[in-house]
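In what follows, a structure is listed as structure tokens, so that the remarks can point back to it.
Each value in this text was obtained by applying a stated rule to the coordinates, not by laboratory testing. Being a predicted model, the structure only gives us computed values, none of them experimental. Every residue, glycine as well, gets a Cβ built from its backbone with ideal geometry; the counts of neighbours run over all protein chains shown.
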Amino acid sequence: MPSPVRSAPIGVFDSGIGGLSVLQALRQELPHERFVYLADSGHAPYGEKGEPFVRARSLAIARHLCREYRIKALVVACNTATAAAVETLRSALPELPMVGVEPALKPAARLSRTHHVGVLATRGTAQSARFARLAAEHAGATQFHVQACDGLAHAIEQSTEEAAPAAASTEKIRALCARYTSALGRFGTQDGEIDTLVLGCTHYVFAEPLLQALVGPQVQIIATGAAVARQTRRLLEQLQAQGESGEPASGQIRLCTTGSLPALQAAARRWLDLPASRCASVCVQM
Ligand code: DGL
């Protein structure tokens with residue numbers, strides 16, 4: 001396999017703005033890399049659309065990023081797209097180094113003292129064969145309580161369309177989080193209670209303070225951004241493809257969306273402290 005060009009950017013995509021939570025971690029772990037982030041907000045949410053659709057979108061986006069930006073690696077910053085499409089992507093683009101995102105069941109099973117772990121994910125992830133395999137592999141003595149959260153990623157996505165999220169959208173997200181956490185069971189550190197909660201969708205990271213308030217401070221919440229960033233660094237090191245601090249445009253981030261540009265600009269400002277000029281609209285045909 002030819003070694004990737006070190007100064008090329010890393011491509012990152014998600015159904016929308018959820019993957020910005022992964023980009024935050026990537027940027028911290030890899031400050032000298034260039035990133036190009038694609039939010040497929042025009043086709044979000046993926047979680048309720050079915051695997052064939054998510055696979056087709058993921059493939060079109062990965063090809064677009066390779067063609068337009070000559071990316072040296074791809075981070076699939078979406079649990080739903082990883083579950084539905086990562087194998088297809090790997091076989092369609094065998095030369096492209098790739099990292100996917102999966103619910104952190106393994107660390108959760110290790111950390112839980114009560115051996116009851118809650119998992120919030122999209123319907124697509126929760127019902128996927130890949131997730132079933134992951135749960136079977138890491139269950140051991142642990143019981144995973146899994147809840148598909150229809151509407152939650154969409155509500156989080158919509159809240160970014162407001163420059164300062166209105167009380168109504170925060171209340172909607174809070175109500176969905178309350179419904180889905182109470183459907184999982186009792187949280188706490190006593191026998192039989194859920195003491196660990198896995199965020200199995202990259203959008204949910206932006207609702208973490210609300211979720212923590214609902215489940216209580218003694219419950220540990222686990223997201224995957226930092227682990228994905230570390231894995232990306234290891235992969236680049238293995239391939240000797242890390243960016244270098246002296247290179248032009250080192251640390252540069254570009255963002256594009258198939259949906260609302262003002263929404264992406266607001267999210268980029270809010271979560272990554274990036275100016276609107278870094279964002280652009282894009283059309284990715286299937
Ligand atoms: N952020 C995505 C994930 O991690 C998907 C949300 C959606 O579009 O349903 O699964």
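Listed by first and then second residue, the pairs with beta-carbon distance under 9 Å, at least 6 apart or on different chains, first residue in region 116-132 and of a type in the set (D, E, K, R), second surrounded by fewer than 24 Cβ atoms within 10 Å (Cβ to Cβ), are R123/E48; R123/A148; R123/D150; R130/V86; R130/E87; R130/E102. Being more than 13 Å from the chain's Cα centre (by Cα), over 19 Å from A226 (Cβ atoms) and crowded, with 21+ Cβ neighbours inside 10 Å: is that true of S91 here? Answer is no for this residue.
Residues in region 78-87 that are in a helix (DSSP H, G or I) and surrounded by 24 or more Cβ atoms within 10 Å (Cβ to Cβ): N79, T80, A81, T82, A83, A84, A85. Residue count for region 48-77 satisfying the condition of being buried (at least 24 other Cβ atoms within 10 Å of the Cβ) and more than 18 Å from T257 (Cβ to Cβ): 1.
Whenever a residue of region 54-82 is on the phi > 0 side of the Ramachandran plot, its partners that are more than 14 Å from the ligand (Cβ to nearest atom), lying with C-beta atoms within less than 6 angstrom and at least six residues away or across chains, give the pairs R70/A8. Within region 106-148, the set of residues being more than 20 Å from L214 (Cα to Cα), under 20 Å from the mean Cα position of the chain (by Cα) and among the small types (G, A, S) comprises G124, A126, S128, A129, A132, A135.
Scanning region 77-91 for residues that are touching a helix residue (DSSP H, G or I) at 6+ places or on another chain (Cβ under 6 Å) and more than 9 Å from the ligand (Cβ to nearest atom), we see that the one that is nearest to R6 (Cα to Cα) is L89. Scanning region 105-129 for residues that are part of a loop (DSSP other than H, G, I, E, B), within 16 Å of the ligand (Cβ to nearest atom) and either out of contact with any Gly (no Cβ under 8 Å at 6 or more places or on another chain) or more than 28 Å from I71 (Cβ to Cβ) (or both) returns Q127, S128. Within region 236-252, being of a type outside the set (S, T, N, Q), surrounded by fewer than 19 Cβ atoms within 10 Å (Cβ to Cβ) and within 25 Å of A276 (Cα to Cα) holds for E247, P248, A249, G251. Just one of (1) assigned to a helix (DSSP H, G or I); (2) within 12 Å of the ligand (Cβ to nearest atom); (3) not aliphatic (A, V, I, L, M) fails for R63. It is (2). Considering only residues that are farther than 22 Å from S21 by Cα and among the aliphatic types (A, V, I, L, M), look in region 130-165 and name the one that is nearest to the ligand (Cβ to nearest atom). The extreme case among them is L134.
Is it the case that region 48-57 has a residue that's in contact with a strand residue (DSSP E or B) (Cβ under 8 Å, 6 or more places away or on another chain) and not charged (D, E, K, R)? There is no residue in region 48-57 that is in contact with a strand residue (DSSP E or B) (Cβ under 8 Å, 6 or more places away or on another chain) and not charged (D, E, K, R).
Scanning region 92-111 for residues that are under 24 Å from R6 (Cβ atoms), touching a Leu at 6+ places or on another chain (Cβ under 8 Å) and touching a residue at least 40 places away in the same chain (Cβ under 8 Å) returns P97, V99.
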